[in-house]
Amino acid sequence: MQIIQTVQEMQCFSESLRNEGKKIALVPTMGFLHEGHLSLMRMGKELADVLIVSIFVNPIQFGPDEDFEDYPRDFERDKKLIESVGAACIFAPEVREIYPEGFQTSVKVAHVTQNLCGISRPTHFDGVTTVVAKLFNATRPHCAIFGEKDFQQFVAIKRMCQDLNFGIEVIGAPIVREQDGLALSSRNTYLTAEERASAVSLSQALFEAKTMFDAGERDAVNLIELAHKIIRAEKVARIDYIKVCDIDTMEDVSVISRDAVMALAVHIGKARLIDNIVLKPAD
Ligand code: PAF
């Protein structure tokens, strides 16, 4: 397995694979990998001939008071995990390689980034789409796989690829959960034992709302109220948002008549956790 740190070397590596007629899948990550990332990598291995995994903790998608410095990092552990899946290469550039002196370009997806996390993290998605555009140009994949836990990110990246004609298939992979329902996240490592116990309320709230939805409830306010009640029962939880949105536009919906996503963000201790569940009226 190759470890590549420069854009130029990465482009050469991908170009030679493309010349050999190989299909390339990319799984972009910020490292500190867990089973969720591994599921994306396994999907990449199935869908393509060659898997590339990038590890880059992207400073420009963190706000000034966020956890860029503290974000967990362990390259040696990540390397072993990526090797065990059978990736051909890790692309792990330094910050100055991605953002050299004089860098001043930003990729902005205007509409789908405004709601949900876009409200409390106003610069976040511009940072994500800018770095993903750069990662795409460095690794030149045929397809790229993203976890649906970051649902709004997934929608924004799909939009960017379509709008800018990247010619890359953007594939979403289902959320991977602990046995008790907590969605896997590198940020779960911030939780104390007490906070970890409370964090299960996020998925509980979503699952109970889905049960209510499956029983025929279509009024988003009632589903949101139920979820609020479940999470508010946890003293250490501070709700950022709980919303029901159209699956394509990410706009709030009041009555669910087409596919929607119930999404939430909750602060628990030092961690800001997100989770979601898709609600399909036709099912
Ligand atoms: O989901 C993530 O880990 C990051 O937002 C991504 C897509 C790797 C961009 O930095």
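Angle check, please: helix 75-85 long axis (alpha carbons) against the longest principal axis of the chain (alpha carbons), in degrees 0 to 90, nearest 10.
For 75-85 against the chain, the angle is about 90 degrees.
Fully extended, how many nm does the chain gain between E83 and M1 (0.36 nm per residue separation, minus their Cα-Cα distance)?
28.8 nm
Contour minus end-to-end for V95 and D74, with contour as 0.36 nm per residue of separation and end-to-end as the Cα-Cα distance?
Difference between extended and current length: 5.9 nm.
Total Lys pairs in the stretch 52-211 closer than 25 Å by alpha-carbon, pairs eight or more apart in sequence or interchain only?
10
Dipole of the stretch 1-138, Cα-centred, from +1 at each Lys and Arg C-beta and -1 at each Asp and Glu C-beta, to the nearest 20 debye?
The calculation lands at about 480 debye.
How big is the dipole moment of the stretch 111-167 about its Cα centre under a simple scheme where the beta carbon of each Lys and Arg is +1, that of each Asp and Glu is -1, and everything else is neutral? Debye, nearest 20, please.
With Lys and Arg at +1 and Asp and Glu at -1, about 100 debye.
Helix 35-47 versus the longest principal axis of the chain: what is the Cα-based angle in degrees, 0 to 90, to the nearest 10?
Helix 35-47 sits at roughly 50 degrees to that axis.
Based only on Cα atoms, what Rg/Rh ratio does the stretch 144-264 have, Rh being taken as Kirkwood's radius?
That ratio is 1.00, to two decimals.
If you place +1 on the Cβ of every Lys and Arg and -1 on the Cβ of every Asp and Glu, how big does the dipole about the Cα centre of the stretch 178-265 come out, in debye to the nearest 20?
260
Name the residue farthest towards the positive end of the dipole of the stretch 1-104 from the options G21, G102, F56, assuming +1 on Cβ of Lys and Arg, -1 on Cβ of Asp and Glu, about the Cα centre.
G21
Give or take rounding to whole Å, what are the principal axis extents of the alpha carbon atoms in the stretch 226-275, in descending order?
Sorted largest first, the three principal extents are 34, 20, 11 Å.
Working from Cα positions, state the angle (0 to 90°, nearest 10) between the long axis of helix 124-139 and the longest principal axis of the chain.
30
Calculate the length of the line joining the C-alpha centroid of the stretch 153-170 to that of the stretch 238-283, in whole Å.
For the stretch 153-170 versus the stretch 238-283, the Cα centre distance is 21 Å.
Any chance you could check the Cα centroid distance between the stretch 82-152 and the stretch 1-60 for me, in angstrom?
Answer, in whole Å: 13.
A short reminder: the numbers here are calculations on the coordinates, not readings from a lab. Every value quoted in this text rests on a predicted model; they were computed, and no experiment measured them. Positions of Cβ are generated from backbone atoms using ideal geometry, with glycine treated the same way; all protein chains shown enter the neighbour counts.
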